[in-house]
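Asks: Starting off with a structure, shown below.
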Amino acid sequence: MSEYQALTREQLSSVIEGHADTPRVPLYIHMWVHPDAFGDRAQAVRDILARYPQDVQPVGMNMPANCRGDNAYPNWSYLPYANPTLGRHGGIDSNVLLDDWGKIDEIVANFPRADFAGLWDYKPEAPDQRYRLGMWWFCLFERHWSLRGMSNALMDYYTNPKEVHQLFDALTTLYCGLIERAGVEQHCDGVFTSDDLGTQTGEFFSPAIFDEFYAPYYKRMFDAAHKHNMHFWLHVCGSILKFIPKWIDVGLDVLHPIQKYTMDERDVARKFGGKITFFAGMDVQQTIPWGTPDDVRREVRFMMDTYWQPGQGRCMITAGNGINGDCPLSSLEAFFDESYKYGIEVAKR
């Protein structure tokens with residue numbers, strides 16, 4: 001039995017919206033912890049998770065497959081044909097499922113519809129007092145390269161801009177419909193998706209490409225969420241400093257994770273603190289696998305001290321990405337313990 005209580009949806013919302021009516025910094029670490037990856041320590045990991053409540057109630061969406069036959073639903077796929085790369089070997093980013101932009105009209109005409117009956121086929125938990133977060137992975141860039149392959153996708157902005165806009169318009173129309181369903185049917189308070197636009201050293205493309213191909217479609221999605229009184233959360237790995245003010249301008253509410261060793265966290269907080277909520281992610285490349293429990297505790301304190309805005313909040317704590325079997329159990333325990341205990345101190349500021 002946990003000694004801590006989960007925050008309510010109202011308390012977590014107050015942190016996102018900048019008035020911080022909460023007894024501690026909100027936490028949602030569980031989603032990144034993969035017990036089965038710990039092998040014979042899996043049950044010990046589950047025991048740690050059970051001792052700490054989640055402040056977020058996840059509501060996963062059953063999203064379309066890339067190609068027909070890749071899931072159990074014949075017509076619930078982005079492309080209206082079978083996967084042409086089956087049996088081939090290579091990295092996922094080298095697979096080219098959409099090999100000819102001449103197919104785009106057929107693809108758009110047969111695009112998945114937001115009224116798909118199986119969206120909630122796994123039966124989400126009934127709402128409780130916690131913040132409900134509708135979730136899917138791969139938004140615009142990630143879906144683009146998963147269909148076209150990474151090399152093709154990065155060239156498409158120059159060689160096939162019209163077709164990219166057709167694809168992004170179709171994706172955005174679908175996502176906006178699903179966002180509405182998340183609010184109306186599942187009583188979600190927010191939606192969370194991913195678009196890794198950064199590498200370890202910089203953005204995948206220029207701010208001009210972002211402005212032309214991304215900002216208008218993000219704005220449509222953010223507006224759709226806000227229309228239904230929901231926040232929009234976005235996971236973006238890598239160095240993305242040039243894009244943060246652009247997301248703020250078009251209405252993004254929550255940004256994850258501000259990846260360590262790709263940007264100067266204090267600089268990010270100075271420039272954008274109070275303008276957006278940082279869903280700050282614990283470093284999983286060095287601190288979690290190789291650091292000591294004391295290193296983990298220091299990093300928790302650093303994140304909260306850096307991002308928490310007194311009187312506003314605008315900071316929540318999580319992991320930067322998946323926590324797997326290379327994490328010592330003592331470090332995992334330290335992560336949770338320090339996040340709850342120090343989070344109470346910080347919220348009093």
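Asks: Please give the net charge around Gly149, taking every other residue with its beta carbon less than 11 angstrom from that of Gly149, where Lys and Arg add +1 and Asp and Glu add -1. Mind showing how you got there, number by number?
Replies: Working: positive: Arg148; negative: Asp93, Asp99, Asp156.
Combined, the nearby Lys, Arg, Asp and Glu give -2.
Asks: Rolling a 1.4 Å sphere over the protein heavy atoms, what is the accessible area per residue of the chain, to the nearest Å²?
Replies: Values: 14330 Å² over 349 residues.
Dividing the accessible area of the chain by its residue count gives 41 Å².
Asks: What is the distance in Å between the Cα centroid of the stretch 259-276 and that of the stretch 40-55?
Replies: A separation of 30 Å, based on Cα centres.
Asks: Looking only at Ala42, Ala269, Ala117, which one moves most when the chain is put into a Gaussian network model with springs between Cα atoms under 10 Å?
Replies: Ala117
Asks: Tell me the net charge near Leu241. Cut-off is 9 Å between Cβ atoms, Leu241 excluded, with +1 for each Lys or Arg and -1 for each Asp or Glu.
Replies: Residues near Leu241 contribute -1 overall.
Asks: Using a 1.4 angstrom probe and counting only protein chains, how large is the accessible area of Asp196 in Å², to 10?
Replies: Rounded to the nearest 10, that gives 40 Å².
Asks: With contacts defined as alpha carbon pairs under 8 Å and 6 or more residues apart, what's the relative contact order of the stretch 278-337 in percent?
Replies: Numbers: 72 pairs, mean separation 31.7, N = 60.
Worked out over the stretch 278-337, it gives 53 percent.
Asks: I would also like to ask the following. Keeping all protein chains in the complex and leaving out DNA, RNA and ligands, what accessible area do you get for His187 with a 1.4 Å probe, in Å² to the nearest 10?
Replies: It works out to around 100 Å².
Asks: Mind telling me which of Ser206, Ser13, Ser146 comes out most flexible in a GNM of the chain, alpha-carbon contacts under 10 Å?
Replies: Evaluated over the chain, the most mobile residue of the options is Ser206.
Asks: For the full complex of protein chains and a 1.4 angstrom probe, list Lys162, Lys103 by accessible area with the highest value first.
Replies: Per-residue accessible area, sorted high to low, gives Lys162, Lys103.
Asks: Another one. What is the dipole size for the chain, taken about its Cα centre, with +1 at each Lys and Arg Cβ and -1 at each Asp and Glu Cβ, in debye to the nearest 20? List each step's numbers first, then the result.
Replies: Numbers: 33 positive and 46 negative charges, 95 e Å.
Dipole magnitude for the chain comes out near 460 debye.
Asks: Would you mind giving the three semi-axes, in whole Å and largest first, of the ellipsoid equivalent to the chain according to its Cα gyration tensor? If you can, show how the numbers build up before the last one.
Replies: Values: eigenvalues 223, 96, 90 Å².
For the chain, the ellipsoid semi-axes come out as 33, 22, 21 Å.
Asks: Another one. Would you please give the residues with an amide H less than 5 Å from that of Met316, counting only those at least 5 places away or on a separate chain, with H modeled from the backbone geometry?
Replies: So Met316 has HN proximity to Phe278, Phe279, Ala280.
Asks: Keeping the other protein chains in place, figure out the carbon and sulfur percent of the accessible area of the stretch 25-123, with a 1.4 Å probe.
Replies: Numbers: 2520 of 4910 Å².
Here it works out to 51 percent.
Asks: For Arg314, Arg143, what's the largest-to-smallest order of accessible area, 1.4 Å probe?
Replies: Arg314, Arg143
Asks: For the stretch 189-230 and the stretch 1-30, compute the distance between their C-alpha centroids and round to whole Å.
Replies: Between the Cα centre of the stretch 189-230 and that of the stretch 1-30, the gap is 25 Å.
Asks: Pick from Val25, Val254, Val268: which is most flexible by mean-square fluctuation in a GNM of the chain where alpha carbon atoms under 10 Å apart are linked?
Replies: Result: Val268 has the largest fluctuation of those listed.
Asks: Considering only protein heavy atoms, with the full assembly of protein chains and a 1.4 angstrom probe, order Leu241, Leu332 by accessible area, largest first.
Replies: Leu241, Leu332
Asks: Ok, one more. What aspartates and glutamates does Lys227 reach when the alpha-carbon gap must be under 20 Å and sequence neighbours fewer than 8 apart in one chain are set aside?
Replies: By straight Cα distance, Lys227 reaches Glu10, Glu17, Asp115, Asp169, Glu180, Glu185, Asp189, Asp249, Asp253.
Asks: If you filter the stretch 218-314 for chymotrypsin sites (Phe, Trp or Tyr not before Pro), then keep DSSP loop positions with at most 15 other Cβ within 10 Å, what is left? Working shown, then result.
Replies: Details: sites: Tyr218, Phe222, Phe232, Trp233, Phe243, Trp247, Tyr261, Phe272, Phe278, Phe279, Trp290, Phe302, Tyr307, Trp308; in loops: Phe243, Tyr261, Trp308.
When the chymotrypsin sites (Phe, Trp or Tyr not before Pro) of the stretch 218-314 are filtered for loop state and at most 15 Cβ neighbours within 10 Å, Tyr261 remain.
Asks: Tell me the net charge near His226. Cut-off is 13 Å between Cβ atoms, His226 excluded, with +1 for each Lys or Arg and -1 for each Asp or Glu.
Replies: Taking every other residue near His226 into account, the sum is -2.
Asks: Determine the percent antiparallel among the DSSP beta bridges restricted to the chain, to the nearest 5.
Replies: So the antiparallel bridges amount to about 5 percent of the total.
The values are calculated or read from the model by the stated rules, or taken from the named source; none is laboratory data. Every value quoted in this text rests on a predicted model; they were computed, and no experiment measured them. As a convention, Cβ positions derive from the backbone with ideal geometry for all residues, glycine included, and neighbour counts pool all protein chains shown. Only protein heavy atoms, including side chains, enter the accessible area calculation; ligands, DNA and RNA are left aside. Shrake-Rupley method; radii C 1.70, N 1.55, O 1.52, S 1.80 Å.
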